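Below is one structure, written out as structure tokens, with a few remarks after it.
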Amino acid sequence: MPVPEILDWEEREIIVPDKMNSQIRDMQAHFGNRPWFHIMMPDQDVKDCQKFPAGADNQFIRWPGPGREHGGWKIRDDRSAFIVPEDGVYFVYANAGAAPLKGPSPTNIPVIYLTIVKDGTDFSSTAVSCPMQNEVTTTHGVLVECKKGTVLQAEIFAMEKAGIDFRIENQGQLCTFGAFKVSEGDLTGPCEPIPGLKRDWKDGEHLDTVLWQEQTTGVSRSLLGMPRFQLRGTKNRNYPQGSFEDIHWSTEHVRHSGGWEWNEDASTITVPETGVYVVSSHASINAPNVDLHSNFNFYAKLNDDRVALSQGGAHRKNYLHSRAIQEVRQLAKGDKITFQWNLSGGDDKWISGEDIAMGAVNIFMVSPESSFADVT
């Protein structure tokens, strides 16, 4: 539902039901009813799977279901596109598996690309090589600034020269697509400090205007646009093997709100406020050779500790290969986030490209709570 207009409270104001409803009830309803959708590929016979030839562009994945949505999403008749119901920043995620219809040549190993498409334009991509007659899966998630009517799609592509046809995987857990609204406005919109959320009201307490404002409309303003950060693209750089190397990101396409800080090459990003965050990143790098022992590890590092890892094998020379990490993390104000490569295989250095779609960092607060409860 659209966000209600936030109004200030005046000194000695007579509180009427209409204003209470719009500022309290309707705001709570808004936060509890933000748009989202999630859909997956049904389990089906291999012969019924969507097919796509190598080198064919604009192969949008068709999603027959099952799926769920809330907030008024529309899906095109061909089941390939989802229409955003209202303005805002959305976290969009895609996961897709593909398999060759026959075994690839050991010297002509195909590379499969998965792309999140916004209004017909490639927005974010990952790539994975397919060295056996088996399925491969690639995944990532990004923040996307949307307007009502924005069209979101997932595209799958096998690079030219693969010489074989492919099918979308026929197991639901290997193919999913979805989005949920993160904030109003865009990635640079207002971001106000979170007021105290655990204050107890007492019998006979004087309700002054400042306190009432803070605990009602102040909370609403903060929750409408909590801290969020995005950068897209890496710097063209050689990475040596056998050591942990900080990834150098491009700072030409940074969009953020809430007081984020980063160093010159964005290899270190500093968290502005304590809370619970989604940390989602993907990066891509060129393999130096076709040795099946060419492996690459993608790490997320929090302060001095490596806290997440995505491993992969790179089996096609001079093609980008990707890894992705998605985590829910308790972060404190001042925490430092770094992403690293650890590479092995071959005699040459690995090279990252400058394609803006093939790498990104997305971090956004989902709760101002300072800690998780322990799970026992």
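Bear in mind that the values in this text are calculations on the coordinates, not laboratory data. Here the structure is a predicted model, which means the values were calculated and not measured. No Cβ is skipped: glycine too gets one built from the backbone with ideal geometry, and neighbour counts run over all protein chains shown.
For each of Val142, Val16, Val151, count neighbouring Cβ atoms within 10 Å of the residue's Cβ, then give the residues from fewest to most.
Val16, Val151, Val142
For mean projected area of the Cα convex hull in nm², the choices are (i) 21.7; (ii) 19.2; (iii) 44.0; which was calculated from the structure?
(i)
Let's see if you can work this out: charge +1 on each Lys and Arg Cβ, -1 on each Asp and Glu Cβ, no other charges. What is the dipole magnitude of segment 228-367 about its Cα centre, in debye to the nearest 20?
That gives segment 228-367 a dipole magnitude of about 300 debye.
Compute the FRET efficiency between Asp203 and Asp335 as 1/(1 + (r/R0)^6), taking r as their Cβ-Cβ distance and R0 = 25 Å, and round to the nearest 0.05.
On the way: r = 40 Å, r/R0 = 1.59.
The value I calculate is 0.05.
Past 20 Å, Cα to Cα: identify those pairs from Lys301/Lys336; Lys51/Lys147; Lys181/Lys301; Lys51/Lys118; Lys74/Lys118; Lys47/Lys118, in the order given.
Working: Lys301/Lys336 8 Å; Lys51/Lys147 32 Å; Lys181/Lys301 27 Å; Lys51/Lys118 23 Å; Lys74/Lys118 15 Å; Lys47/Lys118 30 Å.
Listed pairs above 20 Å: Lys51/Lys147; Lys181/Lys301; Lys51/Lys118; Lys47/Lys118.
Using helices alone, I'd like the mean residue ellipticity at 222 nm for the chain: each DSSP H run of four-plus residues gives -39500 (n - 2.57), total over residue count, nearest 500.
-1000 deg cm²/dmol
Which whole-Hz couplings ³J(HN,Hα) result when phi for each residue of segment 361-366 is put into the Karplus expression 6.51 cos²θ - 1.76 cosθ + 1.60, θ = phi - 60°, listed in order with x for Gly and Pro?
Once rounded to whole Hz, the list reads 10, 10, 9, 8, 6, 10.
May I ask you to evaluate 6.51 cos²θ - 1.76 cosθ + 1.60, the Karplus curve with θ = phi - 60°, for each residue of segment 176-184 and list the ³J(HN,Hα) values in order in whole Hz, giving x for glycine and proline?
Calculated HN-Hα couplings, in order: 9, 8, x, 7, 9, 6, 9, 7, 6 Hz.
Can you list the lysines whose alpha carbon sits under 29 Å from that of Lys202, skipping same-chain ones fewer than 8 residues off?
Answer for Lys202, where 29 Å is the Cα cut-off: Lys19, listed by chain and number.
Taking H as built 1.01 Å from N, whose amide H comes closer than 5 Å to the amide H of Ser80, not counting residues under 5 places away?
Trp63
Skipping prolines and chain starts, which residues have an amide H placed within reach, meaning under 5 Å, of the one on Ser294, given they are 5 or more residues away or on another chain?
Sorted by chain and number, the residues that satisfy this are Ala314.
Under a 5 Å amide H to amide H cut-off, with H placed in plane at 1.01 Å, what residues pair with Glu369 once short-range neighbours are removed?
Distant-sequence amide H within range of Glu369: Val276.
How large is ³J(HN,Hα) for each residue in segment 84-99, as worked out from phi by the Karplus curve 6.51 cos²θ - 1.76 cosθ + 1.60 (θ = phi - 60°), to whole Hz, x for Gly and Pro?
Result, rounded to whole Hz: 5, x, 7, 4, x, 9, 10, 8, 10, 10, 9, 9, 9, x, 9, 9.
Using the crude model of +1 on Lys and Arg Cβ and -1 on Asp and Glu Cβ, and no other charge, please compute the dipole size for the chain relative to its Cα centre, in debye to 20.
Taking the Cα centre of the chain as origin, the dipole is about 1080 debye.
What range in the chain is the longest one free of GluC sites (Glu not before Pro) that are in a loop by DSSP and have at most 16 other Cβ atoms within 10 angstrom?
14-159
Of Cys49, Cys146, how do they rank once you tally other Cβ atoms within 10 Å and put the fewest first?
Working: Cys49 19, Cys146 24.
Exposure proxy ranking, most exposed first: Cys49, Cys146.
Can you tell me the length gained on complete extension of the stretch Lys74 to Thr188, counting 0.36 nm per residue apart and subtracting the Cα distance?
Extra length available between Lys74 and Thr188 comes to 38.3 nm.
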